[in-house]
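**Q** After the structure tokens below, expect a handful of questions from me.
Every read-out reported here was derived from the displayed coordinates using simple, explicitly stated rules and does not represent laboratory data. The shown structure was predicted, so the numbers you read here are calculated from the model rather than taken from an experiment. Glycine also receives a Cβ, built like all others from the backbone with ideal geometry; neighbour counts cover every protein chain displayed.
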Amino acid sequence: MPTIKCYIGVLLISALTAGTLHAQRLTPVDLELAFVVDASGSIDEEEMALQRQGYATALAHPRVLKAIKSGFLQSIFVAYIEFAGFECTRLTVGWGRVADKKTAEEYGARILAAERNLCFGGNAVSEALAFAAATIDANSFEGTRRVIDISGDGPNTMGEQVEVVRDAIVKKRIVINALAIKRESMPDLPEYFRDSVTGGPGSFVLKAKDRKSFAEAIQRKLIREIADRTPWPTKQRASLR
């Protein structure tokens, strides 16, 4: 089993990579947004399709596009990451620019066309968060804000303590928001996400009644994330919620 140092090491390596990239010329954007999506064994093929369609539909929604256009640079960069058990996190669709209906629909089509990584065995939430933070640091964009947007129907069940990984990510000035998908056996999941997973100024948790209402929930979440202007405090705490 990996140690806490392993996860923190991933974050430190990403910070070094980011330092190298910042010596180069980065593309400025309003927001770097990493979608981190549950693809574990509790998600069947129909539910997977509904999730992916939810993100594709939300990105191209007129209200989301209006929110993007309200930004100073009028563009965001997104990545689509799916996770399951230990060592099952992958960058399903790489970083891409979304600035208008055309680019939103193109990115959505890439999400829908991606092959599913058949790797189950639990929810390695802490690994998925560390992976997302690393790819944010390693990309070639410089966002005014940096956000991880995680959605799922279960808690961290393997790997390291998610709170430790969460706190390390928030220290890097990355906000973590969450979407809790209703699961009868886990009525307290929204509270778990709020207490253990989310962090950073203005961070929040939304709830989806089921995956059929996923697109609407993602749409609301995207608008809130894109429009958010909550500043980082002068003196950061390890975790800000």
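**Q** Give me the one-decimal nm value for the distance between modelled label points at D167 and R183, 7 Å along each residue's Cα-to-Cβ direction.
**A** 2.5
**Q** Taking K and R as +1 and D and E as -1, what net charge do the other residues with C-beta under 13 Å from the C-beta of A134 add up to?
**A** Result for the local shell: 0.
**Q** If you wrap a convex hull around the Cα atoms of the stretch 66-107, how much volume per residue is inside, in Å³?
**A** 81
**Q** Moving to a separate point now. Give the relative contact order (percent, whole number) for the chain; include only Cα pairs under 8 Å separated by 6+ residues.
**A** In percent, rounded to a whole number, it is 25.
**Q** Further question: Rule-of-thumb check for the chain: C-alpha Rg over 2.2 N^0.38 Å?
**A** Normalised Rg, Cα atoms only: 0.93.
**Q** What distance in nm separates the two pseudo spin-label positions at S70 and R220, each 7 Å out from Cα along the beta-carbon direction?
**A** 1.6
**Q** Given the chain, what count of lysine pairs have C-alpha atoms under 19 Å apart, with each pair 8 or more places apart or on different chains?
**A** So the count works out to 18.
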